[in-house]
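Accompanying notes for the structure given below.
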Amino acid sequence: MTRSGKWRGVFVIVPTPFQPDLTLDLDGLRQIVRFSLACGVHGLVTPANASEQPYLSDDERRAVMRTVIEEAAGKAPVVAGVTASTRLIAAALAREAEAMGADALMAMPPNMQRATDEEIREYYVAIDAAGRLPIFLQNYGGAGGTPMSPALMAGLLKTLPDVRFVKEETEFSSAMMTRTIEAAGPALEGIMGGKAGRHLLDEYARGCSGTMPACEISDVHVALWDALEAGQTARAREIYRFLLPLLMFETGYGTAVYKEVLRRRGVIGCAIIRQTGGRTLDRYAMADLSAILDDLAALMNPAFPAKG
């Protein structure tokens with residue numbers, strides 16, 4: 001679907017690593033970017049939900065964006081997350097991201113009180129007017145999200161020059177993709193899935209241009225995508241069968257899993273999270289995770305084995 005290969009493939013969400021005292025670990029963040037690039041990702045996204053973006057201060061958010069942009073410079077495009085509670089803040093973040101060298105922007109609708117369709121439109125008008133970067137509409141149905149209809153997104157895509165892409169991760173995302181593609185027509189340059197790639201096989205058949213999972217198993221996601229692109233359907237389904245237990249495990253434990261896998265793979269030194277309300281990985285969960293990663297070992301970059 002996308003008219004440029006630059007915006008096609010596996011665009012991973014970069015988690016934000018912390019020191020044991022919960023301060024930012026920018027060296028660890030650089031290591032995550034290097035790991036993701038070594039695994040062959042096609043792009044990077046930060047800060048977003050899997051980056052614990054709501055738990056970052058304004059200064060930390062800028063530091064995270066700047067670090068990822070600098071580390072990835074010339075190697076892969078970076079999509080900067082500029083979701084905010086109001087259009088004024090989102091537009092300011094958009095200007096800063098462009099000045100830092102981001103390649104594109106991504107934003108959910110205002111993320112505190114649910115906005116009306118007109119408020120959502122005004123919000124994206126402000127982001128669009130803030131600069132010249134292409135913009136992803138992030139259609140998210142989880143906490144802090146305001147799901148948008150295909151008609152609303154199609155209107156934004158058709159009338160705002162920089163709004164050109166969608167990340168679709170609401171309920172029944174596959175069917176939503178089809179409806180959005182049909183509603184937006186050529187105004188939509190590409191649509192990517194979320195939800196850790198759980199529905200990628202269905203989404204790919206419907207014309208998605210990529211997927212945006214967290215990055216802890218970037219190499220496996222890339223292997224799956226490459227098989228799909230090569231028309232190797234049987235191989236893609238085989239990889240997906242190995243991958244699915246981890247994707248389902250993530251639905252229960254979320255960010256804690258991303259960071260624990262990165263820690264086990266030697267990418268970061270600490271798996272601590274700031275997110276409140278999340279489930280911790282007790283000894284039973286840790287044992288289950290070990291078994292899942294053992295099954296995935298053959299698909300992983302040998303430079304980054306998952307150690308218990």
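Do we have Asn49 as among the polar types (S, T, N, Q) and within 25 Å of Ile217 (Cα to Cα) here?
yes
Contact map, the range 296-308: first residue more than 14 Å from Pro245 (Cβ to Cβ), second residue of a type in the set (Asp, Glu), Cβ cut-off under 7 Å, separation 6 or more or different chains; pairs are Met300/Asp219; Asn301/Asp219.
Would you confirm, using the coordinates I've provided, whether Val68 is in a helix (DSSP H, G or I), surrounded by fewer than 20 Cβ atoms within 10 Å (Cβ to Cβ) and either in contact with a Pro (Cβ under 9 Å, 6 or more places away or on another chain) or in contact (Cβ under 8 Å) with a residue 24 or more places away in the chain (or both)?
Considered against the rule, which asks whether it is in a helix (DSSP H, G or I), surrounded by fewer than 20 Cβ atoms within 10 Å (Cβ to Cβ) and either in contact with a Pro (Cβ under 9 Å, 6 or more places away or on another chain) or in contact (Cβ under 8 Å) with a residue 24 or more places away in the chain (or both), Val68 comes out as no.
Among residues of the range 169-203 being of a type in the set (D, E, K, R) and in contact with a Lys or Arg (Cβ under 9 Å, 6 or more places away or on another chain), the one that is farthest from Gly141 (Cα to Cα) is Glu189. Going by the structure shown, is Ala130 crowded, with 22+ Cβ neighbours inside 10 Å, out of contact with any strand residue (DSSP E or B) (no Cβ under 8 Å at 6 or more places or on another chain) and farther than 17 Å from Pro17 by Cα? Answer is yes for this residue. Of all the numbered requirements in (1) surrounded by fewer than 18 Cβ atoms within 10 Å (Cβ to Cβ); (2) modelled with pLDDT of 95 or more; (3) farther than 21 Å from Val14 by Cα, Arg164 misses one, and that requirement is (1). Being under 22 Å from Ala97 (Cα atoms), part of a helix (DSSP H, G or I), in contact (Cβ under 8 Å) with a residue 40 or more places away in the chain and not polar (S, T, N, Q) holds for only one residue in Ile127, Ile181, and it is Ile127.
Tell me yes or no: at least one residue of the range 32-50 is part of a helix (DSSP H, G or I), surrounded by fewer than 24 Cβ atoms within 10 Å (Cβ to Cβ) and free of Cβ contacts under 8 Å to residues at least 24 places away in the same chain. No, that holds for no residue. Just one of (1) free of Cβ contacts under 8 Å to residues at least 60 places away in the same chain; (2) part of a helix (DSSP H, G or I); (3) among the small types (Gly, Ala, Ser); (4) buried (at least 19 other Cβ atoms within 10 Å of the Cβ) fails for Ala223. It is (1).
If I ask for residues that are under 21 Å from the mean Cα position of the chain (by Cα) and either farther than 15 Å from Phe249 by Cβ or at pLDDT 95 or above (or both), which ones from the range 271-292 would you list?
Residues satisfying the conditions are Ala271, Ile272, Ile273, Arg274, Gln275, Thr276, Gly277.
Among the residues of the range 27-86, just one is among the acidic types (Asp, Glu), over 12 Å from the mean Cα position of the chain (by Cα) and closer than 23 Å to Thr211 by Cβ, namely Glu71. Glu250 meets each of the listed conditions (1) modelled with pLDDT under 95; (2) touching an Asp or Glu at 6+ places or on another chain (Cβ under 7 Å); (3) in a helix (DSSP H, G or I) apart from (2). Within the range 77-117, the residues that satisfy the criterion of being at pLDDT 95 or above, farther than 20 Å from Pro54 by Cβ and surrounded by fewer than 22 Cβ atoms within 10 Å (Cβ to Cβ) are Pro77, Arg95, Glu98, Ala99, Met100, Gly101, Asp103.
With respect to being under 17 Å from Ala115 (Cβ atoms) and either out of contact with any helix residue (DSSP H, G or I) (no Cβ under 6 Å at 6 or more places or on another chain) or touching a residue at least 60 places away in the same chain (Cβ under 8 Å) (or both), Pro147 fits the description.
Scanning the range 257-285 for residues that are farther than 19 Å from Leu29 by Cα and either free of Cβ contacts under 8 Å to residues at least 12 places away in the same chain or loosely packed, with under 13 Cβ neighbours inside 10 Å (or both) yields a total of 7.
The values are calculated or read from the model by the stated rules, or taken from the named source; none is laboratory data. Since this is a predicted model, take the numbers as computed values, not measurements. Here the Cβ is made from the backbone with ideal geometry for all residues, glycine too, and neighbour counts use every protein chain on show.
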